1. Per the helix-only calculation at 222 nm, which mean residue ellipticity applies to the chain, given -39500 (n - 2.57) for every DSSP H run of n ≥ 4 and division by its residues, nearest 500 deg cm²/dmol?
2. Pairs of alpha-carbon atoms within less than 8 angstrom and 6+ residues apart define the contacts here; what relative contact order does the chain have, in percent?
3. Give me the net charge of residue 38's neighbourhood, meaning all other residues with Cβ under 13 Å from the Cβ of residue 38; Lys, Arg count +1, Asp, Glu -1.
4. To check my understanding: the extent here is largest minus smallest coordinate of the Cα atoms along each principal axis. What are those three numbers for the stretch 3-55, in Å, largest first?
5. Mind ordering 42-48, 25-31 by average Cβ neighbours within 10 Å, highest first?
6. Excluding residue 11 itself, what net charge comes from residues whose Cβ is under 11 Å from its Cβ, given Lys and Arg +1 and Asp and Glu -1?
7. Give, in nm to one decimal, the length gained when the segment between residue 24 and residue 41 is fully stretched (0.36 nm per residue of separation minus the Cα-Cα distance).
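The numbers here are math on the coordinates, done by the rules we state, and not lab data. Note that the coordinates shown come from a computational prediction; the quantities given were computed from them, not determined experimentally. Positions of Cβ are backbone-derived with ideal geometry, glycine not excepted, and every protein chain shown enters the neighbour counts.
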Amino acid sequence: MITTSYDPEADALYVRFAPKGAAIAETRELEPGILLDVDETGHLVGIEVLSVRSRATLPAIPHAA
C-alpha cells in the first residue's frame, strides 16, 4: 500500500511504497532535494521531496460560468 505524509514545518513530502516496518538501508540523492530510500536489496522503500512548495504549482481551476 502506498502512503504519503507531509511535514509543513520542513516542507517535505514522503511517499512510502513499502510496508511501514521495511528497513531503509541507504538513502540516495536523485537530484538536489529528491531522496530515494532503498532497502538492503536495492528495492525502493520511499521517496522524499524537500521544498515542496517551491517545486509544485497547481494549475488554475476555471470558475463555472
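1. When only DSSP H runs of four or more count, the value is -1000 deg cm²/dmol.
2. Details: 105 pairs, mean separation 18.5, N = 65.
Relative contact order here is 28 percent.
3. Details: positive: 16, 28; negative: 26, 29, 37, 39, 40, 48.
Charge balance near residue 38 sits at -4.
4. Sorted from largest, the Cα extents of the stretch 3-55 read 33, 22, 13 Å.
5. Details: 42-48: 15.4, 25-31: 10.4.
Ranking the peptides 42-48, 25-31 by packing returns 42-48, 25-31.
6. Numbers: positive: 53, 55; negative: 7, 9.
With Lys, Arg at +1 and Asp, Glu at -1, the net is 0.
7. Working: separation 17, 0.36 × 17 = 6.12 nm, distance 1.01 nm.
The span from residue 24 to residue 41 would gain 5.1 nm if fully extended.
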